[in-house]
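Down below is the structure, laid out as structure tokens.
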Amino acid sequence: MRIFISTLGKLRSRLATWLTLGLLLLLMALIYLASGATYKETLQRGNGQAIGLLLTFPDAYALILSFVLALGGLFVMAYAAAIAGSEWTWGTLKTSVARGESRSRYMLTTYAGIALVAGIGMLVAFAAGVLLAFVGAKLAGIPTDGISDTSIFGNLPEQFLRGWYGLIEVGAIGFTVATLARSQLAGVGAGIGIYFAEMFAGAFLPDIVKYLPFNAANSLIQTDAAVGGAGGGRTLAVIDPTTALVVVGIWIVLGLGLTALFTERAEISG
Amino acid sequence: MALAGLDLSVPSGVVYGFLGPNGAGKTTTMRLLTGLIHPDGGSIELLGRPFGRGDRRRLFDVGALVESPAFYPYLSGRANLRTLAASGAPTPKTRVEEVLELVGLKERGNDKVSTYSLGMKQRLGIAGALLNDPKLLLLDEPANGLDPAGIVAMRDTLRHLASIGKTVFISSHLLGEVSQLADVIGIIAAGKLVREGPIETLLSAEGRVRVRVAASEVDRAVAALAPLGIAARDDGSDDGRPAGPATETGWLVVPIEPARAAEVNRALASAGIFASGLESGSDLESLFLELTSPAPQQAGGPTPVVGGNWQ
């Protein structure tokens, strides 16, 4: 518990935490505000339906969540990789191990902290997304009466949990890659590489790729007009949500298990 | 670096200086002793008991600074120590302030580590090693980056720790620093311990006297010293004096304790030989270089004596 609380303190003070969240919010602001500002013009050209869906409540709630998870998945993966890699490159893991700390407990507890921060970030981004969609709707002249329609809220907690579960999975992949590479940059780079490799491979091997981390995470959240889940909304083939729960769980266990095993066996220097 | 049967005997309550040239295995030894790496074979004993993969809690009684000090650059020195205290050995919260005070960083404790100088990071590293009030303190090149005042303060701190029963194990290549600080030294070369013992004993045992007589009297001088049980040798010195056989330079090296220099002089005088030069002494640098020199020593041949604080 001491390490967990300490990890939360470290993450709170770390620039990467606020930079990641800030970047996500900035992208969302750009997209929602630009959508709102250009809605009428786009509608006149006959292409405004998708934007209208994005800014019309109550359907906008599900789309905001889906959007947060789409971008958030990639960001959480890079973030987790940066945290794991820095433990090796800065030598802070070494210092704790030399104090008698358990290697695997240290790394897994650190990841638990990242997972919690990712969940909080998801909620913050969702709240910001609602506000941005509201402002975008006002700019677009779309009625916002549906914002108080609570019928969709019944499903949201489960969607949140599924989304968080997906974020934990892709974060674990980034965390593991960075641990194996013992490097922040290598971890972030390899993680992003995996993300895009999976995206492109999906076009050729959809039946296999649908079980890979990002696609499996994406399959956890399925909306009628999905723009993606934690995997980024470019799924060509999906697995059903129940199977996705199992597959994502396997990836989490596999990733964090590999992290623990590697850390236990590694020769630590630096 | 592979270690070959390294068997160190580190008495408790002393400052132990672990010396060796670059690549000799000092840092490997430190990593083994802190569980950062594990031996392919053999065993390690730490604090009197076997130390293996499952014995990490033994490190609760060990404080270590291995290689360079490692911290989160975006956190303050104080926050880094608090973070460190959250892992490994349970540490009282008040201990952070105590060690900051001890290493003279209390005033700068709230500054980010990224703004610290190398010396300040080193002091913070030593503070981190002291967090759990260890029985055994392992410090790898602790004087790195410290200014003279910092070195003196560190030396005082380590001496104080030894005086209250802590064992301080420092690896270093700063021989002057070690000779001022250590009670016992171990010298490692190519993964093997080549000498170990109290520093005075080692220096005394490795001491020698150099004497200069007329070149024509070298043979007689050697004969005069023989009754003392001393086998005087040519001084193949490379410390600035002309090199060459004693029959040309007149310099002889007499391998006895420096305290017996007068005996050498007396024996020569008794034989009617008057030395034009007599130097005695020994130093850690000479001993270190002699033991760690990669060049093979010829038994009975000239003994190189390099530099030193000769009296």
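Read-outs throughout are calculated quantities, based only on the coordinates presented, and are distinct from any laboratory measurement. Note that this is a predicted model, so its numbers are computed, not measured. Cβ sites come from the backbone with ideal geometry, for glycine too, and all protein chains shown count toward neighbours.
Pop the C-beta distance of A:Thr243 and A:Leu123 into the FRET formula with R0 = 35 Å and round what comes out to the nearest 0.05.
0.85
Given the C-alpha atoms of chain A, compute the convex hull and give its volume per residue in Å³.
In chain A, the Cα convex hull volume per residue is 129 Å³.
Through the Karplus equation 6.51 cos²θ - 1.76 cosθ + 1.60, θ set to phi - 60°, convert the phi angles of the stretch A:166-175 into ³J(HN,Hα) values in whole Hz; use x for Gly and Pro.
So the Karplus estimates, Gly and Pro as x, are x, 5, 4, 5, 5, x, 5, 5, x, 4 Hz.
In Å³ and rounded to a whole number, note down the convex hull volume per residue for the Cα atoms of the protein assembly as shown.
197
Among the aspartates and glutamates, which have Cα under 18 Å from the Cα of A:Lys138 when same-chain residues fewer than 8 positions away are ignored?
Result set, ordered by chain and number: A:Glu41, A:Asp59, A:Asp149.
Would you calculate, for chain A, the mean residue ellipticity at 222 nm contributed by helices, counting each DSSP H stretch of 4 or more residues as -39,500 (n - 2.57) and dividing by all residues, to the nearest 500?
-26000 deg cm²/dmol
Arranged from highest to lowest average of other beta-carbon atoms within 10 Å per residue, in what order do the peptides A:95-104, A:156-165, A:111-120, A:75-84 appear?
A:75-84, A:95-104, A:111-120, A:156-165
Could you list B:Asp40, B:Asp140 in order of exposure, starting from the residue whose Cβ has the fewest other Cβ atoms within 10 Å?
B:Asp40, B:Asp140
Rounded, prolate or oblate: which fits the stretch B:60-125 when a ≥ b ≥ c are the square roots of the eigenvalues of the alpha-carbon gyration tensor, with rounded for a/c under 1.5 and prolate only if a/b beats b/c?
Prolate.
Hey, in the GNM for chain B with a 10 angstrom Cα cutoff, which one of B:Lys26, B:Lys93, B:Lys121 fluctuates hardest?
B:Lys93
So how much slack lies between B:Thr201 and B:Lys106, counting 0.36 nm per residue of separation and subtracting their Cα-Cα distance, in nm?
Additional length available on full extension: 30.2 nm.
Using just the C-alpha positions of the stretch B:55-94 as equal point scatterers, what log10 of I(q)/I(0) does the Debye formula give at each q in 0.17 1/Å?
Debye intensities relative to I(0), on a log10 scale: -0.53.
Kindly express, to the nearest 10 degrees and within the range 0 to 90, the angle between helix A:15-44's C-alpha long axis and the longest C-alpha principal axis of chain A.
Its long axis makes an angle of about 20 degrees.
Rounded to the nearest 0.05, what FRET efficiency do A:Leu116 and B:Ser163 have when you use their Cβ-Cβ distance and R0 = 45 Å?
0.45
Once you average over the residues of B:122-129, how many Cβ atoms of partner chains fall within 10 Å of each Cβ?
Partner Cβ neighbours, averaged per residue: 1.
If each of B:Thr115 and B:Leu8 carries a label point 7 Å out from its Cα toward its Cβ, how far apart are those two points in nm?
According to this spin-label approximation, the distance is 3.7 nm.
Sequence-distant or interchain residues sharing an amide H contact under 5 Å with B:Leu193, placed H: which?
HN-HN under 5 Å from B:Leu193: B:Asp7.
Report the residues of the stretch A:104-138 in range of a label on A:Asn155: point 7 Å along Cα→C-beta, backbone N strictly under 16 Å from it.
Counting only backbone N, you get no residues.
As a check on your grasp of the helix formula, calculate [θ] at 222 nm for chain B: sum -39500 (n - 2.57) over DSSP H runs of n ≥ 4, divide by the residue count, round to the nearest 500.
-9000 deg cm²/dmol
For the residue pair A:Ala34 and B:Gln180, what label-to-label distance in nm results when each label sits 7 Å from Cα along the Cα-to-beta-carbon direction?
6.4
Running Debye on the stretch B:1-93 with equal point scatterers at the Cα sites and no solvent, what base-10 log of I(q)/I(0) appears at q = 0.15, 0.18, 0.22 Å⁻¹?
-0.73, -0.99, -1.28
Could the peptides B:165-174, A:63-72, A:15-24 be put in order, highest first, of the mean number of other beta-carbon atoms found within 10 Å of their residues?
A:63-72, B:165-174, A:15-24
Take chain B, connect every pair of alpha-carbon atoms lying under 10 Å apart with a spring to form a Gaussian network, then pick out the residue of B:Ser204, B:Ser114, B:Ser87 with the largest mean-square fluctuation.
B:Ser87
What is the pair-distance distribution P(r) of the stretch A:1-147, computed from all Cα-Cα distances in 10 Å bins starting at 0, with each bin given as a whole percent?
So the P(r) values, bin by bin, are 11, 34, 23, 16, 11, 5, 1.
Considering every Cα-Cα pair within chain B, what fraction, in whole percent, is farther apart than 29 Å?
47
Given 4 °C and 1.567 mPa s, how large is the Stokes-Einstein diffusion coefficient of the stretch A:1-84 in µm²/s, with Rh as the Kirkwood radius over Cα pairs?
For these conditions, the coefficient is 86 µm²/s.
In straight Cα distance, which lysines are under 23 Å from B:Lys112, not counting same-chain residues fewer than 8 positions off?
B:Lys112 reaches A:Lys10, A:Lys94, B:Lys93, B:Lys121.
Which distance in nm do the two modelled labels at B:Arg220 and A:Leu131 give, with both placed 7 Å along the Cα-to-Cβ direction?
Using points 7 Å along Cα→Cβ, the separation is 10.4 nm.
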